[in-house]
Amino acid sequence: MLSKHCPACDAPLVKYKGEIWCPICEKRVVIVKDDAEAYAVSLPYRLLEVEQIIVDKIVELARKAQSESDPESLKIIGENLDVWLSAFERIRKVRGK
Ligand SMILES: [Zn+2]
């Protein structure tokens with residue numbers, strides 16, 4: 001058990017396999033010294049969240065296309081898919097994937 005506490009549930013944190021964990025939240029906790037380090041540590045996770053949102057939008061549009069038969073509506077869906085697929089490619093590049 002460490003002297004630090006979980007920022008979410010206030011349980012005492014534990015060290016497990018070289019990492020700090022909250023046994024209650026069952027999540028890894030990263031202790032940072034300032035806002036700049038917090039930003040740097042959280043950035044990959046925040047970008048991953050953006051990528052997941054983009055993928056959700058792509059799936060949503062593809063499902064919409066599946067049930068659509070009007071050519072004009074399909075064209076608009078296709079154009080939107082193109083935009084979101086470009087965003088997906090760019091976020092993957094930004095994330096180094
Ligand atoms: Zn916790």
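The values are calculated or read from the model by the stated rules, or taken from the named source; none is laboratory data. Keep in mind the model is a prediction, meaning the values are calculated, not measured. In this analysis, Cβ positions are derived from the backbone assuming ideal geometry, glycine residues included, and neighbour counts consider all displayed protein chains.
Filtered by the rule that a residue be among the β-branched types (V, I, T) and assigned to a loop (DSSP other than H, G, I, E, B), the stretch 1-49 gives I24, V29, V30, I31, V32.
Considering A38, A87, the condition of being surrounded by 12 or more Cβ atoms within 10 Å (Cβ to Cβ) and either at pLDDT below 95 or of a type in the set (S, T, Y) (or both) is satisfied by A38 alone.
In a residue-by-residue description of the stretch 45-67, the property of being exposed (fewer than 14 other Cβ atoms within 10 Å of the Cβ), out of contact with any helix residue (DSSP H, G or I) (no Cβ under 8 Å at 6 or more places or on another chain) and at pLDDT below 95 applies to at least one position. Figure legend. Inter-residue proximity from the stretch 73-97: first residues closer than 10 Å to I54 by Cβ and assigned by TED's automatic domain parsing to the domain that holds V50, second residues of a type in the set (K, R) and outside any helix (DSSP H, G or I), beta-carbon distance below 9 Å, spacing 6+ or different chains. Indicated pairs: I91/K97. When the criteria are applied in full, E26 fails the requirement of being under 20 Å from the mean Cα position of the chain (by Cα) and more than 16 Å from the ligand (Cβ to nearest atom).
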